[in-house]
1. With a 1.4 Å probe and all protein chains left in place, how much of the accessible area of the stretch 18-59 comes from carbon and sulfur atoms, in whole percent?
2. Given a Förster distance of 25 Å, report the FRET efficiency between ALA91 and MET121 from their Cβ-Cβ distance, rounded to the nearest 0.05.
3. Compute the accessible area per residue over the stretch 72-117, keeping the other protein chains in place, probe 1.4 Å, unit Å².
Amino acid sequence: MPLTAFGKYGSTNGFGWKLNEIVGAQIVSVPMALPIQIASRAFNTLMWSLVTTFAAIMLTIDLVLYYLIILPLHKLSIVADRVSLGQLDQAELPVRGKDEVAQLTASFNRLVVTVVKALRMLG
């Protein structure tokens, strides 16, 4: 027995529609230019904010590393060079903080004092 609209929908719910009958078609067209433009603008804004944030973080990390590690070690290197060349009148380097660089600076200051005393005893 073929399936009819009556058999599928009953007498009240099919509105007289018959199986495989096309009653109407509707085509909906959505212009994509505006959504693509909005998405592109949002993407560009996101990328620029990420690049700016990344650059600011890198600059901050570079400055912190320079002032907390590189500059104190450079000063230690300069004093070590001078002491190795016989310039024994070097001022003691200031020890700031309690980190490893500060401990190294304190140890280096003690080393310079010991080397100066030993060289003066020999000379």
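1. 73
2. Efficiency for this residue pair is about 0.70.
3. 71
The values are calculated or read from the model by the stated rules, or taken from the named source; none is laboratory data. Worth saying up front: this structure is predicted, and the values here are computed from it rather than measured. Please note: Cβ atoms are built from the backbone with ideal geometry, for glycine as well, and neighbour counts cover all protein chains shown. These accessible areas exclude ligands, DNA and RNA; they are computed on the full protein's heavy atoms, side chains included. Shrake-Rupley method; radii C 1.70, N 1.55, O 1.52, S 1.80 Å.
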